[in-house]
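The values are calculated or read from the model by the stated rules, or taken from the named source; none is laboratory data. These numbers were taken from a predicted model, which means no experiment stands behind them. Quick reminder, even Gly has a Cβ in these numbers, built from the backbone with ideal geometry, and neighbours come from all protein chains shown. Quick note on the areas: whole protein, heavy atoms, side chains included, nothing else; ligands and nucleic acids left out. Shrake-Rupley method; radii C 1.70, N 1.55, O 1.52, S 1.80 Å.
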Amino acid sequence: MELLTPRLRLRSFRESDLDAYAEMCADPEVAEFLGGPLDRVESWRHMAMILGHWQLRGFGLWAAELRASGELVGRLGCWRPEGWPALEVGWSLARKFWGQGLAHEGAEASLRFAFENLAVDRVVSLIHPKNVRSIALAERLGERPVGEAEVRGHRLTVYALEAEAWRARPRPTSP
């Protein structure tokens, strides 16, 4: 499954993404709130896990690339690995793409996919309490803090958006 936004192509990961993905995952600033940097082998395993999630659940995280150039921006989408408290809309972009509205653009497409294609009543984003960038994005998407969850030994704030609230909110006109 592939989705298009004005600037992004959301698609399956492929082996040719490994160099850019491993570079992103190794960046300490990108990985600060995601459990720490990954080496190349761990990054490959993470891509394989993302692809496996698609096979097991029928949805998952996409590789996000710039439509204009094909350059890998990062990963985002919907997922619920075993042990997750709910279906999550999540995002992680390479640092050079921060601050351009790309995470917002891709997350909006992910929300639409979750509510229209997966027919869920609620989505969450699990965010480290010190991750101010992700908190700001979650709030811009309409998500609000509803509690905490422990995931893989990390205490995270649960931001949630109900389908009814998503349908009622004004639609963004730009990324």
Output for the stretch 1-21, where each listed residue is in a loop (DSSP other than H, G, I, E, B) and either open to solvent by 20 Å² or more (accessible area, probe 1.4 Å) or in contact with a Phe, Trp or Tyr (Cβ under 8 Å, 6 or more places away or on another chain) (or both): MET1, GLU2, PRO6, ARG7, SER12, PHE13, ARG14
Can you run down the residue pairs with Cβ atoms below 6 Å, 6 or more apart or on separate chains, where the first is in the stretch 117-144 and on the phi > 0 side of the Ramachandran plot and the partner is exposed (fewer than 13 other Cβ atoms within 10 Å of the Cβ)? GLY142/ARG169
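Test VAL124 against the criterion of being more than 18 Å from GLU29 (Cα to Cα), more than 14 Å from the chain's Cα centre (by Cα), of a type outside the set (Phe, Trp, Tyr) and open to solvent by less than 50 Å² (accessible area, probe 1.4 Å), and give yes or no.
no
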Can you find even one residue in the stretch 159-167 that is among the hydroxyl-bearing types (Ser, Thr, Tyr), open to solvent by less than 20 Å² (accessible area, probe 1.4 Å), on the phi < 0 side of the Ramachandran plot and assigned to a helix (DSSP H, G or I)? no
Name every residue in the stretch 82-104 that is assigned to a helix (DSSP H, G or I), farther than 18 Å from TYR159 by Cβ and touching a residue at least 24 places away in the same chain (Cβ under 8 Å), in order of residue number. ARG95, PHE97, LEU102
Restricting the stretch 22-39 to residues that are among the acidic types (Asp, Glu) and assigned to a helix (DSSP H, G or I), which is surrounded by the fewest Cβ atoms within 10 Å (Cβ to Cβ)? GLU29
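If I ask for residues that are in a loop (DSSP other than H, G, I, E, B) and open to solvent by 80 Å² or more (accessible area, probe 1.4 Å), which ones from the stretch 40-68 would you list?
Within the stretch 40-68, the first condition is being in a loop (DSSP other than H, G, I, E, B), and the residues that meet it are 58-60, 67-68.
Correct list: ARG67, ALA68.
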Given GLY142, GLY83, GLY153, GLY99, which one is more than 22 Å from LEU38 (Cα to Cα), surrounded by fewer than 20 Cβ atoms within 10 Å (Cβ to Cβ) and either aliphatic (A, V, I, L, M) or out of contact with any Leu (no Cβ under 7 Å at 6 or more places or on another chain) (or both)? GLY99
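Among the candidates LEU118, LEU137, LEU111, which residue alone is within 20 Å of ARG75 (Cβ to Cβ), modelled with pLDDT of 95 or more and assigned to a loop (DSSP other than H, G, I, E, B)?
LEU118 is the lone residue from the list that is within 20 Å of ARG75 (Cβ to Cβ), modelled with pLDDT of 95 or more and assigned to a loop (DSSP other than H, G, I, E, B).
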